[in-house]
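Data block below; observations after.
Nothing in this text is a laboratory measurement; each read-out follows from the coordinates by a stated rule. All of these numbers come straight from a predicted model, not from anything done at the bench. All Cβ positions, glycine included, derive from the backbone under ideal geometry; neighbour counts span all protein chains shown.
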Amino acid sequence: MKFAKKYDKDIFCLEGDWSKDLKQQTSVQAVLLFLKQNRNINFIHRHCGTRENLAYYLKQVQLKKYSKYSIIYIAFHGKPNEILIGKDRVTLDELADMLGPNCNDKIIHFGTCHTLNTDLRNIKRFLRKTNALCVCGFGKEIPFVESSVFDILFIDMLQEFRNIATVSQKINDDYKSFAQKLSFKIVYL
């Protein structure tokens, strides 16, 4: 069984641009603010526009001073087995290499479309390479508002339980149809 060390889990969020039009203000930051104001969940939020930016922040999250940020929230456009940063595609294997094997007690949540629509072996390889507690996210095209609401419910639930199997079962019990509609997956070893 996979257990988080603590009930309280803060968020380290990396977000890409959702539109080429810089006037568009779509952001998961509203989700993070809602969780801070209503659940007292602390967060760090950074925008990433390049692969190098992403790699830099993924190294930062592993520093001891950020150890309490146990949810790594990756919010980008996605394709099966990858995230999109501008015109670059970054595969799960490349992300695992950027993170390295130091993600003990980290939950990696992909707030992306399609990324987890991949062979389970790819996801498990990612978990083994990073030593993450679990990987979760969506396997298809998802509406932004619906996925944001689901993210709030899911992250709130993560605060209640340390056992990832219990979180998975609770999602199935309470939000099964919503999770199925978004093709939500939670994978752990």
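Among DSSP beta bridges whose residues both lie in region 1-157, state the antiparallel percentage, nearest 5. Could you put the intermediate results ahead of the total?
Numbers: 7 of 25 bridges.
Given both bridge residues lie in region 1-157, the antiparallel proportion sits at roughly 30 percent.
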Review point. To the nearest 20 debye, what charge dipole does the chain have about its Cα centre, counting +1 at the Cβ of each Lys and Arg and -1 at the Cβ of each Asp and Glu?
Key: 520
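Given region 68-189, report the % of alpha carbon pairs whose separation exceeds 20 Å. Before the final figure, lay out the partial values.
Values: 2761 of 7381 pairs.
For region 68-189, the share of Cα pairs beyond 20 Å comes to 37 percent.
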Point to revise | Three principal axis lengths of region 49-139 [C-alpha, angstrom, descending] | key: 32, 27, 19
Check your understanding: Ala4's amide H: which non-local residues (gap 5+, or another chain) put their own amide H closer than 5 Å, with H modeled 1.01 Å from N in plane and none for Pro or chain starts?
Key -> Asn163, Ile164
**Study point:** Relative contact order for region 1-129, counting Cα pairs under 8 Å that sit 6 or more residues apart, in percent
**Key:** 29
Practice item. Report, by chain and number, residues whose modeled amide H sits under 5 Å from the one on Gly111, excluding near sequence neighbours (fewer than 5 apart, same chain). Key: Ile74, Ala75, Phe76
Study note, to complete from the structure: Computed from every Cα-Cα pair in region 1-153, P(r) in 5 Å bins starting at 0 and rounded to whole percents is 2, 9, 19, 24, 23, 16, 6, 1, 0, 0
Revision key, fill the gap. Here region 89-106 yields Karplus 3J(HN,Hα) values (6.51, -1.76, 1.60; θ = phi - 60°; whole Hz; Gly and Pro given as x) of 10, 10, 6, 4, 4, 5, 4, 4, 5, 5, 6, x, x, 9, 9, 4, 6, 9
